[in-house]
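Here the structure is laid out as structure tokens; the discussion comes afterwards.
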């Protein structure tokens, strides 16, 4: 399915890497959900994917039909179900993800602050900006140096 670069995105970050078998099962659940996702009875043009064994990304092409409060609530409920099924946390906004070489790690706020204070992470360390609003931004502004992200303001590295 083709989806616009202006498609709206929601990024849910797991507090741990998803195992291969879990990813297969979750992808099946996501595929079933997006193929039936409706807003006021109108089918949404939607896709979902898992990136880096950790990020569940939902996308809706709102040029065709826009997501509504009720349809967004349905996706949030789905994520809550996935949390229970796979014993993961997808809603901790201070579970911060960063790249160290080719590996993706995440940690809580205090551990992230410690990594910054010890110099293990610095202004050029790659972090994940899970607040990007569109597919275009996901592809260009999601993985960014800490100095160019919201993290710099929150963690005092601006």
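The helices (runs of 4 or more DSSP H) found entirely in the stretch 95-158 that carry 2 or more residues being modelled with pLDDT under 95 are 109-117, 150-154. Restricting attention to the stretch 54-93, which residues are part of a loop (DSSP other than H, G, I, E, B), out of contact with any strand residue (DSSP E or B) (no Cβ under 7 Å at 6 or more places or on another chain) and either at positive phi or without any contact (Cβ under 8 Å) to a residue 40 or more places away in the chain (or both)? Within the stretch 54-93, 64, 87, 93 qualify.
The condition (being more than 19 Å from residue 2 (Cβ to Cβ), surrounded by 14 or more Cβ atoms within 10 Å (Cβ to Cβ) and at pLDDT 95 or above) is satisfied by just one residue among 79, 59: 79.
Among the residues of this structure, residue 49 does not count as one that is farther than 14 Å from residue 11 by Cα, touching a strand residue (DSSP E or B) at 6+ places or on another chain (Cβ under 6 Å) and either in contact (Cβ under 8 Å) with a residue 40 or more places away in the chain or surrounded by fewer than 18 Cβ atoms within 10 Å (Cβ to Cβ) (or both).
Of the residues that make up the stretch 6-18, is at least one farther than 19 Å from residue 141 by Cα and over 17 Å from the mean Cα position of the chain (by Cα)? Working first, answer last.
Going residue by residue through the stretch 6-18, those that are farther than 19 Å from residue 141 by Cα are 14-18.
After this cut, where a residue has to be over 17 Å from the mean Cα position of the chain (by Cα) as well, the list is none.
The answer is no; no qualifying residue exists.
Looking at the stretch 31-53, which of the residues that are part of a loop (DSSP other than H, G, I, E, B) and within 12 Å of the chain's Cα centre (by Cα) is farthest from residue 17 (Cα to Cα)? Checking each candidate, the answer is 52.
The values are calculated or read from the model by the stated rules, or taken from the named source; none is laboratory data. Fair warning: this is a prediction, and the values are worked out from it, not measured in the lab. Note that each Cβ is placed from the backbone with ideal geometry, even for glycine, and that neighbours are counted across all protein chains shown.
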